[in-house]
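Presented below is the structure to which this report refers.
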Protein chains: 2
Amino acid sequence: MTAGTGSRRERLRKATLDEIHGAVRTLLVEQGPGAVTINAVARQVGMSGPALYHYYASHDELVGAVTAGFLRELATAMEQARETRAEEPVGRRIVAVCRAMRAWAIAHPAEFGWIFAGPISPANRRPESTRHRAGQRFEQILLDLTVELWQTRPFPVPEPDELPESLRTQLAAYSASIDGRLPLEAAHVFLGCWTRLYGLLCMEILHQLDFAYTDLEPVFEECLRELIGALGLDDPDQPAA
Amino acid sequence: MTAGTGSRRERLRKATLDEIHGAVRTLLVEQGPGAVTINAVARQVGMSGPALYHYYASHDELVGAVTAGFLRELATAMEQARETRAEEPVGRRIVAVCRAMRAWAIAHPAEFGWIFAGPISPANRRPESTRHRAGQRFEQILLDLTVELWQTRPFPVPEPDELPESLRTQLAAYSASIDGRLPLEAAHVFLGCWTRLYGLLCMEILHQLDFAYTDLEPVFEECLRELIGALGLDDPDQPAA
DNA sequence: TATGTTTGCTTAATGCCTCTAAATAATCTA
DNA sequence: TAGATTATTTAGAGGCATTAAGCAAACATA
């Protein structure tokens, strides 16, 4: 064997898969989601139609696989931002990861739009789907950082008694689902931050705010500042207060 | 003429249009967005295929018209909530309108999802599209109430000097686009409220928060309380403080 | 009331799509 | 080298968007 793992066949197959993913991406970016058809993709990679079914069992599966790849790419970009700042305090890492998330979305709007608003079929929400797993990794990055922050320098949280009963129940379930790494009141703060950040980004990329803004960078930065405040951090862009 | 306006033919045409919209809605709700095809809709109303082209020039146009109808329905529900409380203070009307917005979205998730993530084609974003006009009416309801609040009982706003230059420019343009009914610093507060509220609702309906919540009602209510605080209002659920 | 236009609808046909089936060529394995 | 596996092809069924051509009922009007 000269390079990589697996047999020659496996390497060729992987190369073809990469080419297929690339073709899907090209079609998506250049001609929109509707242009991503099995036939068009096959044409792009130089095979004819049904050959693609040796790689994916259906159009849905192809779309799901590519979407999961986009999510992985986004997660990797965020992890990279985290790793290159491994020595800095957790507050700066959080900010860097959030900015990396938006930077990827801005650089790849078609892909990000597809992740969010593309295949909303129930199948993609079942826990065993590739899509779902890739999404979990994405969500987990900020969760991990928040847990680290919580353990090293707990942020202000509401009294659980102040939260409505039904919310407390749900937060308890979520807290359990992350192995109790955050107590429910801290999970509440985390989820609030996540919702605002991710929600703002989705609205931006899906053009729901075009009626008012042409560039949401300062809005995102303000959101980030509020988030930093909610997490009880000093302004991480200032070296020291 | 026995009833309504217009000739017999016009009435019949309108009835057929209503039937078509109903068929689209049924297909959307029962079988998802992918089931809304020209042929399926035609079958549902008992005509065969191309007959629909006497009512809409293309699939896109049909979808756009139905989507605009959904937006009108949502806007009407919000306006109704406002009108039935015409005598109450503006703070309560704002809360009622926001709750009406979520109530409609919860009652019609497929339709709301379609409004938001359905036809994201550039054509639907051009100002002359029916879709865009219906969207404007929707956004305007809370804007009108916010303007009324601003004129009767101004809410706290940031100093314009504290806002970054690029944000100030954009807010000035938006303020002008609403005929200066809100100065840019008040527009900033309004847009922040709108973004959070609408963003949260979109995330909920599009299942982006299923990993943590099963029922977002208490989350929405908390968001509403924060919004009320940002607008300097007393808790509108309490008769008097 | 007879006539011509408008309107609503039908069938036929084109070209795209998804996906299945059967057949063929190339490549690995033993 | 023979058999199994894999990659790929063509043929075809069935669906969809859309256009074209044509028919029949309803309408307007002279």
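The values are calculated or read from the model by the stated rules, or taken from the named source; none is laboratory data. Note that the structure is predicted; figures quoted are calculated from it, not measured. Cβ placement follows ideal geometry from the backbone for every residue including glycine, while neighbour counts extend to all protein chains displayed. Surface accessibility is based on the protein's heavy atoms, side chains included, excluding ligands, DNA and RNA. Shrake-Rupley method; radii C 1.70, N 1.55, O 1.52, S 1.80 Å.
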Shape call for the protein assembly as shown, from the Cα gyration tensor axes a ≥ b ≥ c (a/c under 1.5 means rounded, otherwise prolate when a/b beats b/c, else oblate), comes out oblate
Are there residues in region A:200-217 whose accessible area shrinks by at least 40 Å² when all protein chains are included rather than the chain by itself, and which are they (probe 1.4 Å, ligands and nucleic acids not counted)? A:203, A:206, A:207, A:208, A:211, A:212, A:213
From the square roots a ≥ b ≥ c of the eigenvalues of the alpha-carbon gyration tensor of region B:8-76, which class results: rounded (a/c under 1.5), prolate (a/b over b/c), or oblate? oblate
For chains B and A, what's the summed buried accessible area, probe 1.4 Å, to the nearest 100 square angstrom? 3300 Å²
Can you give the local net charge around residue B:89? Use residues other than it whose beta-carbon is closer than 11 angstrom to its beta-carbon, Lys and Arg +1, Asp and Glu -1. 0
GNM on chain B, C-alpha springs below 10 Å: top fluctuator among B:217, B:185, B:30? B:30
Using a basic spin-label model with each label point 7 Å from the Cα along Cα→Cβ, how many nm lie between residue B:207 and residue B:155? 3.3 nm
Ranking request for peptides A:223-232, B:96-105: highest mean number of other beta-carbon atoms within 10 Å first, then the rest in descending order. B:96-105, A:223-232
Express the accessible area of region B:1-55 per residue in Å², computed with a 1.4 Å probe while the remaining protein chains stay in the model. 68 Å²
By the gyration tensor of its Cα atoms, with a ≥ b ≥ c the square roots of the eigenvalues, what is the shape of region A:66-230: rounded for a/c under 1.5, prolate for a/b over b/c, or oblate? rounded
With contacts defined as alpha carbon pairs under 8 Å and 6 or more residues apart, what's the relative contact order of chain A in percent? 17 percent
Note: A:88-96 gets an average of partner chain Cβ contacts (10 Å, Cβ to Cβ) equal to 0
Across peptide B:218-227, what mean number of C-beta atoms from other chains lies inside 10 Å of a residue's C-beta? 3
Inside 10 Å of the C-beta atoms of A:180-191, what's the mean count of C-beta atoms belonging to other chains? 1
Report residue A:137's accessible area, 1.4 Å probe, all protein chains in place, as a number in Å² to the nearest 10. 80 Å²
Net charge near residue B:193: determine it from the other residues with C-beta under 15 Å of the C-beta of residue B:193, scoring Lys and Arg +1 and Asp and Glu -1. -3
In square angstrom, what is the accessible area per residue of region A:66-230 with a 1.4 angstrom probe? 42 Å²
Leaving ligands, DNA and RNA out of it, report the carbon-plus-sulfur percent of the accessible area of the protein assembly as shown at a 1.4 Å probe. 52 percent
Surrounding charge for residue B:149, neighbours by C-beta under 13 angstrom, Lys/Arg +1, Asp/Glu -1, total +1
How much length, in nm to one decimal, is gained on full extension between residue B:37 and residue B:73, taken as 0.36 nm per residue of separation minus their Cα-Cα distance? 10.7 nm
Which distances, in nm and shortest first, link the residue B:30 label point to the same label point in every other copy, taking 7 Å along Cα→Cβ? 4.2
Anything in chain A that counts as a DSSP H helix reaching 24 Å or more along its axis (C-alpha) with Kyte-Doolittle mean of at least 0.0? List them, would you? A:90-107, A:184-205
Percent relative contact order for region B:144-218, counting Cα pairs under 8 Å at least six residues apart, stands at 25 percent
